[in-house]
Amino acid sequence: MKIADMGWEQVEAYLKTDDLAVLPLGSTEQHAGLSLSVDSILSERIAIEAAEPLGIPVFPVLAYGVTPYFVAYPGTISLRIETYVSVVRDILDGLYHQGFRRIFIVNGHGGNQPAGSLAIEWMADHPGTSVKFHNWWNAPQTFAKVQEIDPVASHASWMENFPWTRLARDYPTQKKPMIDLARMRAMDPEKVRAYLGDGNFGGLYQRPDEDMLAVWNTGVTETRAMMQGPWE
C-alpha cells in the first residue's frame, strides 16, 4: 500500500493491527544514459511490489542522498552526510511518533550507508523498535542472479537498465572496461567526471529484458521475504 494512496484514517486503522512500515531511500545522480532518478525509481518500486501482497504501507522515497563524487555531472544533487542523517533521523522519529515500531528501509544507493549506521544508533535510543536496512541490489540472492547473468556489472551499466529506468535513446553496444574504483575514490568531482566519461563504471550498457526481469523478480522476492521476518 502506498502512503500516497491512503488517507490518515486508513493509516490509523492499520496501526491498530500492525506496526510495520517501509521507507525507500534513493538518490538523484548521474547514471550515464539512464534516468538521474534510477536509485529512487528502483528502491521505491521494489518496495511497493514487495510490500503490496503483505498489505504493508510504503512511504514515499527519500529521493536525495549522499553522492558528492558525481556533482560535476549536471542534475546530480548531493546532501551533506550530517544533513542526510538528520533528515533520516527525523523521518524515523516521525514514524515512531505515529506508532510504527518496525521499519524496513529499502536502500537503492550505496552512498546512503550512513543511514544504516544511524538505524543501529536510533534503535538503541528507542527500545522496543526494530529497523532493517536492506540494500536491495546487492542482497545475496539478487547479487547472485546478477553474477549468474553477467559478472561484469556496475553503476550505470546493464544491471540498472530496466524498462522503467532507461530513456528514449540508443545505448552503446560495446562493453566498457571496468574502472579502478579505488583510484576514483581519491579524485575530486571534476576529475571523477574526466575519468568516468559518460558515468558507467564498466560493463555492457544494456541486456535483454528477460535478463532484467530475472534480476527484478529475484529482488522483489528476496525483499518481500526480509519484510516478513524474522524480526527478532
- request: Tally the residues that are more than 22 Å from PRO230 (Cβ to Cβ) and either touching a His at 6+ places or on another chain (Cβ under 9 Å) or part of a loop (DSSP other than H, G, I, E, B) (or both), restricting the search to the range 107-136.
  value: 3
Residues being within 21 Å of the chain's Cα centre (by Cα) and not polar (S, T, N, Q) - total across the range 178-203: 6
statement: The residue from LEU95, LEU42 that alone is crowded, with 21+ Cβ neighbours inside 10 Å and either modelled with pLDDT of 95 or more or not hydrophobic (A, V, I, L, M, F, W, C) (or both) is LEU42
task: Among the residues of the range 1-48, write down those that are among the small types (Gly, Ala, Ser) and touching a residue at least 24 places away in the same chain (Cβ under 8 Å).
output: ALA4, ALA21, GLY26, SER27, ALA32, GLY33, SER35, SER37, SER40, SER43, ALA47
task: Working carefully through the options ALA51, ALA63, find the one that is at negative phi and touching a residue at least 60 places away in the same chain (Cβ under 8 Å).
output: ALA51
message: Can you find a residue that is among the polar types (S, T, N, Q) and touching a residue at least 24 places away in the same chain (Cβ under 8 Å) anywhere in the range 82-99?
response: yes
message: Condition check: crowded, with 17+ Cβ neighbours inside 10 Å and out of contact with any Lys or Arg (no Cβ under 6 Å at 6 or more places or on another chain). Does GLU222 satisfy that?
response: yes
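The values are calculated or read from the model by the stated rules, or taken from the named source; none is laboratory data. These numbers come from a predicted model, not from an experiment. Every residue, glycine as well, gets a Cβ built from its backbone with ideal geometry; the counts of neighbours run over all protein chains shown.
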